[in-house]
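Novice: Below: one structure in structure tokens.
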Amino acid sequence: MRDFLKRLPKAELHLHIEGTLEPELMFTLANRNGVKLPYESIGAVRAAYEFDDLSSFLELYYSGMSVLKRAEDFHDLAMDYFRRAHAEGVVHVEMHFDPQAHLARGVELESVMEGLGLARREAEREFGMSTALIMAFLRDRPAEEAMRVLESAAPYWELLDAVGLDSAEVGHPPSKFAEVFQRAKMLGIPRVAHAGEEGPPEYIREALDLLDVCRIDHGVRCLEDPELVTRLREEEIVLTVCPLSNVRLKVVERMEDHPLPELVEAGLRVTLNSDDPAYFGGGMLANFQACHDAFGWSRETFIQLAGTAIESAFISERRRLELHRRLAECD
Ligand code: ADE
Ligand code: ZN
């Protein structure tokens, strides 16, 4: 099964590029940039990755990214991930990035875009991998700040495949960002949002009604609201589910308790993703394998989920056909 899951052409729709920072690269970049880390060793970094919830993770996630200073660092970060993902049979990666987390440290959007842009072209050349870019707003920061970031990103609007919404969810409903997302819509930029990870089903409704998103990141708590499940099914909304992330952040206690089988059974359009692979115990292959181990899913189920990811990826129709063909040939 592992060989099959590795061969399966996987499209990843929910990944935070800053969450791919492995401790080894963290130390390399800290040395290169003269940043003092609060850890003695690589082992100590890994040992610190025990989380009680989303907030306790975000603290380490934002502190880890302090080593990212220049375009070169963002390039190395992304290439390090693309190389690993390629080795796991990932053919397409859509990456969220958090401009506000970098601006707050004096790192300009230009450096982020230059580094990620370079890495994207290299991944295409070296691995035949396609990539997409999702500029995320931090929901625990003011909406006015998000609006300023969106406006200041004008030179890069053409390069954005979507805008997203992430960071601490509870207490920061999608409604807070209605205007920002309205502006993105006016600019013709597609929209996605994290909702229903730790937040209530109502946040998923708001993301649909007020942010007009085409996908919901996580969305697992929709099952608490049967009417919402019906709506998600009828409107064919894709959920980008991140199983290992949900276990590590204690959204669920164990993989065996994860609602993924229920979501699939309910006829929802589900995809599997890694979220922050450096922090949550593995990338796409580990997430697929964990689902196999916990739910005993057949090849057909994995083919269905991989197909849903290809269907809803931000790629050209030509690329979509190519990936569907590769999926059909994979057995
Ligand atoms: N930023 C990085 N990972 C995240 C997650 N799982 N939820 C919300 N914001 C995030
Ligand atoms: Zn996420």
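Novice: For the peptides 319-329, 30-40, what is the packing order when you average, over each peptide's residues, the other Cβ atoms within 10 Å and list the highest mean first?
Specialist: Peptide ranking by packing, descending: 319-329, 30-40.
Novice: Hey, any idea what Rg/Rh is for region 1-111, computing Rh the Kirkwood way over Cα pairs?
Specialist: Result for region 1-111 is an Rg/Rh of 0.99.
Novice: May I ask you to order 310-316, 49-55 by the average number of other C-beta atoms within 10 Å around their residues, highest value first?
Specialist: 310-316, 49-55
Novice: Among the GluC sites (Glu not before Pro) within region 86-166, which fall in a DSSP loop and have no more than 14 other Cβ atoms within 10 Å of their own Cβ?
Specialist: Those satisfying the criteria are GLU108.
Novice: Any number yet on Rg/Rh for the chain, C-alpha, Kirkwood?
Specialist: Dividing the radius of gyration by the Kirkwood radius yields 0.93.
Novice: Taking only pairs that are 8 or more places apart or on different chains, how many Lys pairs in the chain have Cα atoms under 27 angstrom apart?
Specialist: For the chain, the number of qualifying lysine pairs is 5.
Novice: Please list, in chain and number order, the residues 5+ apart from PHE137 or on another chain whose amide H is under 5 Å from its amide H, with Hs placed from the backbone.
Specialist: GLY164, LEU165, ASP166
Novice: What value does region 35-74 have for Rg/Rh, both radii from Cα atoms and Rh as Kirkwood defines it?
Specialist: Ratio value, two decimals: 1.01.
Novice: Follow-up. Just to be sure I understand: with springs between alpha-carbon atoms less than 10 Å apart, which residue in ALA78, ALA266, ALA136 has the highest mean-square fluctuation in the Gaussian network model of the chain?
Specialist: Per the Cα network of the chain with a 10 Å cutoff, ALA266 tops the list.
Novice: In whole angstrom, how long is each semi-axis of the equivalent ellipsoid of region 179-329, when you take the square root of 5 times every eigenvalue of its Cα gyration tensor and sort them from largest down?
Specialist: 23, 21, 15
Novice: Just check region 280-319 against the gyration tensor rule for me: Cα atoms, a ≥ b ≥ c as the square roots of the eigenvalues, rounded for a/c under 1.5, and otherwise prolate or oblate depending on whether a/b exceeds b/c.
Specialist: Since a/c reaches 1.5 but b/c is at least a/b, the shape of region 280-319 is classed as oblate.
Novice: May I ask you to list the trypsin sites (Lys or Arg not before Pro) in region 73-130 that are in a DSSP loop and have at most 12 other Cβ atoms within 10 Å of their Cβ?
Specialist: Answer in residue order: ARG105.
Novice: With +1 assigned to the C-beta of every Lys and Arg and -1 to the C-beta of every Asp and Glu, and no other charges, what is the dipole magnitude of the chain about the Cα centre in debye, to the nearest 20?
Specialist: 840 debye
Novice: If you project the alpha carbons of region 83-172 onto the principal axes, what extent comes out on each, in Å, largest first?
Specialist: 39, 30, 23
Novice: So for each of 252-262, 3-13 I average, over its residues, the number of other beta carbons within 10 Å; can you give me the resulting order with the highest mean first?
Specialist: Put in order of decreasing packing, that is 3-13, 252-262.
Novice: Just to confirm a number: summing +1 for Lys and Arg and -1 for Asp and Glu over residues other than ARG84 whose beta-carbon lies under 12 angstrom from that of ARG84, what do you get?
Specialist: -4
Novice: Here's a follow-up. Specify the inter-centroid distance of region 96-116 and region 209-249, based on alpha-carbon positions, in whole Å.
Specialist: That distance is 28 Å.
Readers should treat all values here as calculations from the given coordinates under stated rules, not as data from a laboratory. Predicted model, so just to flag it, every value in this text is computed and none were measured. Glycine gets a Cβ as well: all are built from the backbone with ideal geometry, and neighbour counts include every protein chain shown.
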